[in-house]
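The values are calculated or read from the model by the stated rules, or taken from the named source; none is laboratory data. Quick caveat, the model's predicted, so the values are computed rather than measured. Glycine also receives a Cβ, built like all others from the backbone with ideal geometry; neighbour counts cover every protein chain displayed. Heads up: the accessible areas ignore ligands, DNA and RNA and are worked out on the full protein's heavy atoms, side chains in. Shrake-Rupley method; radii C 1.70, N 1.55, O 1.52, S 1.80 Å.
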Amino acid sequence: MYHPPVRIIAGEYRSRKLWTPEGLSTRPMPDRVRESIFGMLGTRVKNAAVVDLFAGSGSIGLEALSRGAASCLMVDRDKLAAGAIERNIETLRCADRARLVTGDALGMSILARCPRPIDLVFLDPPYPLVEDAGGWARVKAQCAELVRLLADDGFLIIRTPNPFLINLDPNLKKLAISQT
């Protein structure tokens, strides 16, 4: 079952509500955070090729499309999340610019499906994944590959918990990562 608590903030689909999976499998980015991100990106979103990894409800990718992005590849392996994204794409009637892949956002096959060059990449991995040293290593490795596919003026944006702590080893406490 789905419920629509998230909305598109600006652009073509402004104020349209998005479906999100019930439960705790996703954590949609709050409106104020999305508004800040897109405010900083400004006109870079217009005609951009966007990749939204760990897409959840698709709120970031669909916001980008609403603000004029040319295309968006959205990836999530959770079947409920993929169902919500599919429903949101249908509701907004943007299937001509949106593509959903149900799969591992950190898998090599995703890189093959990315547009060339990519203008904007958004990653919103599950917090337990990035708080684990091995998971963080996988996320960083995928980021390194994605950076190689970026346009010269492209951006990669990753959402992490605050404070960002990584569990290194059961014998150690945690390592804090600086967020500057």
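Within the shell of other residues whose beta carbon sits under 14 angstrom from the beta carbon of L156, the net charge comes to -2, with Lys and Arg scored +1 and Asp and Glu -1. When Lys and Arg each count +1 and Asp and Glu each count -1, what net charge do the other residues less than 14 Å away from R93, Cβ to Cβ, add up to? Every neighbour counted, the sum reads -1. Among the listed options [x] 20.5, 64; [y] 15.9, 52; [z] 18.4, 56, the one matching Rg and Dmax of the Cα atoms in Å as calculated from these coordinates is [y].
Only DSSP H runs of four or more residues enter the estimate; each adds -39500 (n - 2.57), and after division by the residues of the chain the mean residue ellipticity at 222 nm equals -10000 deg cm²/dmol.
Near I118, the amide H atoms lying under 5 Å from its own belong to L150, A151; only residues 5 or more places off or on other chains count, and H is placed 1.01 Å from N. For the chain, a Gaussian network of Cα nodes joined below 10 Å ranks D31, D76, D153 by mean-square fluctuation, and the top entry is D153.
Using a 1.4 Å probe on the protein heavy atoms, what percent of the accessible area of the chain belongs to carbon and sulfur? Answer for the chain: carbon and sulfur cover 53 percent of the accessible area.
A Gaussian network model of the chain, with springs between Cα atoms under 10 Å, assigns the largest mean-square fluctuation among I118, I158, I85 to I158. The charge dipole of segment 12-135, taken about its Cα centre with unit charges on the Cβ atoms of Lys, Arg (+1), Asp and Glu (-1) only, comes to about 480 debye. Close Lys pairs in the chain (alpha-carbon distance under 23 Å; sequence gap of 8 or more, or different chains): 4.
Based on C-alpha pairs under 8 angstrom that are at least 6 apart in sequence, segment 110-170 has a relative contact order of 51 percent. A 1.4 Å probe run over the chain, with the rest of the protein chains in place, finds 53 Å² accessible per residue.
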